[in-house]
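Have a look at the structure below before the remarks.
The values are calculated or read from the model by the stated rules, or taken from the named source; none is laboratory data. Quick caveat: nothing in here was measured; it's all calculated off a predicted structure. Because the Cβ atoms are built from the backbone with ideal geometry, glycine has one as well, and the counts that use them run over all protein chains shown. Accessible surface is based on the protein model in full, side chains and every heavy atom, while ligands, DNA and RNA are left aside. Shrake-Rupley method; radii C 1.70, N 1.55, O 1.52, S 1.80 Å.
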Amino acid sequence: MLVVMKHGASAEEVQRVVEKIRELGYDARPIPGQQRTAIGLVGNDGRVDPSRLAALSGVKEIIHVTQPYKQVSREWKEEQTVVQLPGGIAIGGHDVVVIAGPCSVESEKQIVAAAHAVRTAGASMLRGGAFKPRTSPYSFQGLGEKGLKLLAKARDETGLLVVTEAMDPDGVDLVAEYADVIQIGARNMQNFSLLRRAGRSGKPVLLKRGIAATITELLLSAEYLLAEGNHDVILCERGVRGFDSATRNVFDITAIPLVRSLSHLPIVADPSHATGQRELVIPMARAAAAAGADGVMVEVHPKPEEALSDGMQSLDAEQFEQLMREIRAITDAIGRGVAEPLPAVSA
Ligand code: PEP
Ligand code: MN
């Protein structure tokens, strides 16, 4: 439930509404916005009598949020959320952010080479898993903390911000020490204890759509993060499982404009996991940018044929340069730009 204040309502009137909501036994969340001042009532179990709030001075109207997710919805917050990252990089604003790097961090040489290659081509963020959720227990599981340290080194050398995955609740704090953005992977989208922990991490979270998750389920998982007080949430469309094994997943491009209409949270696209095939990544990256994605995340490896994971869908440096050129052409056409990388901390 949302209590929308009249234009020009005083701070005291807003405060009175907040107190009233608390007296009723609920959580009150003032929602910042340029168009309107509203106070969200969190945890409505259907027993709140709206007339008790509507009668307060300065209140314009009471809005019932119809979606099962609340704080994540556009009904709750009309204005687009722009997630601010260190150095002024922002996801959800005018510029499309390109996140690139290998599936897994494999060695210092590999991650540093990948970082330099994607930075030179114009990416502003580096991806790479140190903790890998692999379908088979016998596949490469990642370098763990050593991988996080290598990502931090690559960040220092290139100025790229780092996004990397946390796989379990106990691993969140360690990942948060090194990452600029914590990734929650598709297999963990409904790991609710992980979501709660990441919601308290103090770091922005990139939440990937589950392997067979509906849009509503994705947004409800994001709600867990906001419910813990973390509003810096970036959603990620990475394809869902279909009936046809011709591609790894079915890239749900429609999810991009749909999520933008249902939620104020930014959405990025991952055409690498969505397709599973290198030749399909560039066209689907173009399509994602054209559909309104706030970012594109792609796997790039200095030597894709030697990759320890997802080599088939990894671009090499030259292909990534082509992707950047084509993304720029699309963003020019739709009145957006591409976020510029930050300067390196150490050369
Ligand atoms: C990844 O981005 O490294 C990854 C494992 O992707 P997903 O969780 O989407 O499968
Ligand atoms: Mn991968």
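Annotations for the structure displayed:
For (1) at pLDDT 95 or above; (2) closer than 19 Å to L207 by Cα; (3) not polar (S, T, N, Q), each residue gets a yes or a no:
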| site | (1), (2), (3) |
| --- | --- |
| I253 | yes, yes, yes |
| S261 | yes, yes, no |
| V268 | yes, yes, yes |
| G295 | yes, yes, yes |
| E306 | yes, no, yes |
| Q319 | yes, no, no |
| Q322 | yes, no, no |
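- Verdict on Q71 being outside any helix (DSSP H, G or I), open to solvent by 30 Å² or more (accessible area, probe 1.4 Å) and not charged (D, E, K, R): no
- Subset of region 278-296 [open to solvent by 40 Å² or more (accessible area, probe 1.4 Å) and either of a type in the set (V, I, T) or within 15 Å of ligand 1 (Cβ to nearest atom) (or both)]: M284
- Counting only strands (runs of 3 or more DSSP E) wholly contained in region 1-49, the ones carrying 2 or more residues that are farther than 18 Å from T66 by Cβ and open to solvent by 40 Å² or more (accessible area, probe 1.4 Å) occupy 27-31.
- Any hit, region 110-128, residues being open to solvent by 10 Å² or more (accessible area, probe 1.4 Å) and within 14 Å of ligand 1 (Cβ to nearest atom): no
- Search result, residues across region 182-228 that are within 16 Å of ligand 2 (Cβ to nearest atom), among the basic types (K, R) and open to solvent by 20 Å² or more (accessible area, probe 1.4 Å): R187
- Against the test of being buried (at least 19 other Cβ atoms within 10 Å of the Cβ), under 21 Å from the mean Cα position of the chain (by Cα) and under 24 Å from I234 (Cα atoms), the options E299, E340 yield a single qualifying residue, E299.
- Positions within region 219-260 being within 12 Å of ligand 1 (Cβ to nearest atom) and either touching a residue at least 60 places away in the same chain (Cβ under 8 Å) or more than 21 Å from A285 (Cα to Cα) (or both), in sequence order: C236, R248
- Candidates I111, I62, I99 - the one that is over 20 Å from the mean Cα position of the chain (by Cα) and within 16 Å of ligand 2 (Cβ to nearest atom): I111
- Tally of residues being in a strand (DSSP E or B) and away from ligand 2 (no atom under 14 Å from the Cβ) across region 229-282: 10
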